[in-house]
1. Between Leu36 and Leu127, how high is the FRET efficiency from 1/(1 + (r/R0)^6) when r is the Cβ-Cβ distance and R₀ = 30 Å? Nearest 0.05.
2. If you take every DSSP beta bridge fully contained in segment 84-211, what fraction is antiparallel? Give it as a percent rounded to 5.
3. Under a 1.4 angstrom probe, counting protein chains only, how are Arg81, Arg28, Arg210 ranked by accessible area, largest first?
4. Once phi is turned into θ = phi - 60°, what whole-Hz ³J(HN,Hα) does the Karplus curve with 6.51, -1.76 and 1.60 give for every residue of segment 130-144, x standing for Gly and Pro?
5. Could you state the accessible area per residue of the chain in Å², with a 1.4 Å probe and every protein chain left in place?
6. Name the long-range amide H neighbours of Leu99: under 5 Å, sequence gap of 5 or more, or other chain; modelled H, no Pro or chain starts.
7. Take peptides 102-114, 30-42 and line them up by average Cβ neighbours within 10 Å, highest first, as a rough protection proxy.
8. Test of understanding: what is the full-extension gain from Met1 to Glu137, defined as 0.36 nm times their sequence separation minus their Cα-Cα distance?
Amino acid sequence: MALLCAKIAPWLIDGVIENSAYIQIPLRLFGFLKELDYITQAEFSLHSWYQHLVISGSTKTHFTSNQYSKNHFKNAYHRIRNILDDEHLHTQALHKKPLIVSYHSAQDFDFMPPSVKIELFEKLENLGFKAKLIMIEDESEVDGKFIKNLNHGMGMSLKILAQKELGLMLRQLHEKPNSAKIKQEISFQSDELSYTFTQENNALKLSIQRT
């Protein structure tokens with residue numbers, strides 16, 4: 001969520017410290033994949049807990065897989081939510097660039113493959129972002145306090161994460177020269193749709209135009 005905020009409202013975000021964030025959000029989280037397969041595309045499942053019982057759950061949004069519906073989940077809707085979209089990353093690079101620090105497990109293959117996180121940070125660095133990725137590689141880095149396992153999220157202590165990274169980030173921000181007034185608007189072209197995010201009277205507003 002923090003990385004998505006930095007995408008759609010960069011003027012509000014000075015820095016991001018995050019753990020195991022999704023970069024490409026799985027389709028099963030958009031609330032319509034139950035239409036295709038209510039078990040394999042469920043948001044959560046408890047079938048591994050029981051031998052003869054399968055319990056799967058999904059939320060339902062207005063989105064649908066029906067291409068004839070006005071709520072069809074078209075590619076443009078996915079792109080605007082995708083942190084790794086190349087065209088959108090280049091658009092972001094033209095605006096205020098937040099500092100970014102990320103932790104991720106090298107064993108997080110089920111939820112957010114580490115290769116995707118590495119790809120994102122390589123692109124961010126190439127575009128001039130000051131972005132640091134700390135990849136937790138193996139059991140030698142599991143200390144039981146800060147890092148508790150190598151699963152998604154690593155059982156990480158957010159308190160220790162803040163102690164390790166927040167002070168350093170605040171000092172880096174303090175050392176940065178004051179910039180000129182920042183335009184509170186950003187637009188992303190997403191296939192046939194143009195998304196424009198602006199801020200007016202302390203409220204974030206979205207305008208979607210068909211191009």
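The values are calculated or read from the model by the stated rules, or taken from the named source; none is laboratory data. Values in this document were obtained by computation on a predicted structure and should not be read as measured data. Cβ: placed from backbone, ideal geometry, glycine included. Neighbour counts: every protein chain shown. These accessible areas exclude ligands, DNA and RNA; they are computed on the full protein's heavy atoms, side chains included. Shrake-Rupley method; radii C 1.70, N 1.55, O 1.52, S 1.80 Å.
1. On the way: r = 35 Å, r/R0 = 1.18.
Here the calculated transfer efficiency is 0.25.
2. Taking every DSSP beta bridge with both residues in segment 84-211, the antiparallel ones total about 70 percent.
3. Values: Arg81 75, Arg28 50, Arg210 160 Å².
These residues rank, largest area first, as Arg210, Arg81, Arg28.
4. Each residue's phi maps through the Karplus curve to give 8, 10, 10, 10, 9, 8, 7, 7, 8, 4, 5, 9, 7, 9, x Hz.
5. With all protein chains present, the chain gives 60 Å² per residue.
6. Gly15, Val16
7. So the order, starting with the most tightly packed, is 102-114, 30-42.
8. Working: separation 136, 0.36 × 136 = 48.96 nm, distance 2.42 nm.
Value of the extension gain: 46.5 nm.
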